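Structure, as structure tokens:
Each reported figure results from applying straightforward, stated rules to the coordinates on display, with no laboratory input. These numbers were taken from a predicted model, which means no experiment stands behind them. Every residue, glycine as well, gets a Cβ built from its backbone with ideal geometry; the counts of neighbours run over all protein chains shown.
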DNA sequence: GTCCTTGCAAAACGTTTGCAGTTCA
DNA sequence: TGAACTGCAAACGTTTTGCAAGGAC
């Protein structure tokens, strides 16, 4: 699920068209996946590969890919959104100084001390969020606006 | 750490001025803390209490409070930021339908099945992030820009 | 009196939209 | 051919900024 070929195959399976712009974006996503790049970086890098590319197409493509589970959108405080090609659930270890994002595989039960022992990453703050349906909404899962 | 008085005390301890605008914002934060309100709602509600209040002051105040650890800023996909007065680390259970945010106390080791058993919240997606310092930055913790 | 805080207006920022033209299947 | 995709420019909503006036301590 992490190579260019496998992503192209996913597009075909889902009836999405394979265009030069999308190929260039996929190239960048795969090459720079450890960087978790933002839309502007993806746009700049992909434009080098396919000169016919606009920023709005980059956004449209990334949103389409997210909608199909090919990647995941990460939001940050005072940083543009960044994109995560790894579709499996994992912890993102985010460096407060350099902005690096380290992936850490997520077990159903985990111990944060273990994270530090295995990666050397010093945890100073946690942001843990589960998304889903609360007891009141669990029987009516249509997506509505926040109240 | 959750009453109006305790927050005012924190301001005094930190040399921050106690103004009518800040009192109104604190009122709203305390009254609506279970709602995790966004800046626009905080502004509207606080304006009812203190008619001399601008949106930019609301932002300045919320940022100042966040900087001092009085609250925490939460970012969302296609929703404005919302603010969390609970300074202890916890999991936010976010309903995909109604936008409700349920706090769940965070143990060092936890099991996501336990979350569902105890709250009835059906987890469909997880966003788990630890912030801190990676091995390369751990000895030089000044805050720099992301690279 | 001093520095912090405020309000206003304008700008910045990342992102989305409408629409006409183009391209992939 | 026809639906999907693209580029452009303009709009959007949230958040930040510069600066002069005001208020807390």
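Summary for residue B:49: label point 7 Å along Cα→Cβ; distances to the equivalent points in the other copies, ascending, 5.2 nm. Sorting B:17, A:32 from the fewest to the most surrounding beta carbons within 10 angstrom yields B:17, A:32.
In whole Å, how far is the Cα centre of the stretch A:1-18 from that of the stretch B:7-26? Rounded to whole Å, the Cα centres lie 54 Å apart. For the peptide A:116-122, the mean number of other protein chain Cβ atoms found within 10 angstrom of a residue's Cβ is 4.
Mind sorting A:34, B:36 by how few other Cβ atoms lie within 10 Å of their own Cβ, fewest first? Walk me through the numbers on the way to the answer.
Working: A:34 12, B:36 26.
Exposure proxy ranking, most exposed first: A:34, B:36.
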